[in-house]
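Asks: My questions will all concern the structure given below.
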Amino acid sequence: MLFRSPVVRALVCVLAEIYDEAESADIIQSEPTLLDELGVIASLSFTRRNGLLAVRTRIRESVRAATAS
């Protein structure tokens with residue numbers, strides 16, 4: 001697996017669950033709020049927050065590219 005940190009792996013798994021049944025338009029246009037609502041985002045280090053944002057951005061870009069084809 002690309003992510004060695006158990007915390008990062010878990011966060012990516014949560015994002016995958018959030019987006020699993022979502023429509024492409026919803027993934028592109030909206031931000032997931034579950035992690036923020038649970039207080040997870042506030043407890044992450046700056047580096048992990050940035051990493052999570054990067055994964056979110058990558059997911060959004062991948063969906064955008066897939067729907068453009």
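Asks: Based on the Cβ-Cβ distance from Ser30 to Asn50, what FRET efficiency comes out when R0 is 25 Å, to the nearest 0.05?
Replies: Approximately 0.80, to the nearest 0.05.
Asks: Go through segment 55-65 residue by residue and turn each phi into a ³J(HN,Hα) via Karplus (6.51, -1.76, 1.60, θ = phi - 60°); whole Hz please, and just put x for glycine and proline.
Replies: So the Karplus estimates, Gly and Pro as x, are 5, 4, 5, 5, 4, 4, 5, 5, 5, 4, 5 Hz.
Asks: How large is the Rg to Rh ratio of the chain when both quantities use alpha carbon positions and Rh follows Kirkwood? Could you put the intermediate results ahead of the total?
Replies: Values: Rg = 12.3 Å, Rh = 12.7 Å.
In the chain, Rg relative to Rh is 0.97.
Asks: I've got another one for you. What is the extension gain from Val7 to Glu61, computed as 0.36 nm multiplied by their sequence separation minus the C-alpha to C-alpha distance, in nm to one decimal?
Replies: Details: separation 54, 0.36 × 54 = 19.44 nm, distance 2.30 nm.
Answer, rounded to one decimal: 17.1 nm.
Asks: Output wanted: per-residue J couplings in Hz (rounded whole) for segment 27-32, from phi through Karplus 6.51 cos²θ - 1.76 cosθ + 1.60, θ = phi - 60°, x for Gly and Pro.
Replies: 5, 6, 8, 10, 9, x
Asks: Taking the Cα centre of the chain as origin and charging only Cβ (+1 Lys, Arg; -1 Asp, Glu), how large is the dipole, in debye to the nearest 20? Could you put the intermediate results ahead of the total?
Replies: Details: 8 positive and 9 negative charges, 106 e Å.
So the dipole magnitude of the chain works out to roughly 500 debye.
Asks: So what are the ³J(HN,Hα) numbers for segment 19-25, from phi and the Karplus equation (6.51, -1.76, 1.60; θ = phi - 60°), rounded to whole Hz, Gly and Pro as x?
Replies: Here the 3J(HN,Hα) series is 8, 3, 9, 6, 6, 4, 4 Hz.
None of the figures in this text is laboratory data; all of them are computed from the coordinates on show. These numbers come from a predicted model, not from an experiment. Cβ atoms come from the backbone with ideal geometry, glycine included; neighbour counts cover every protein chain shown.
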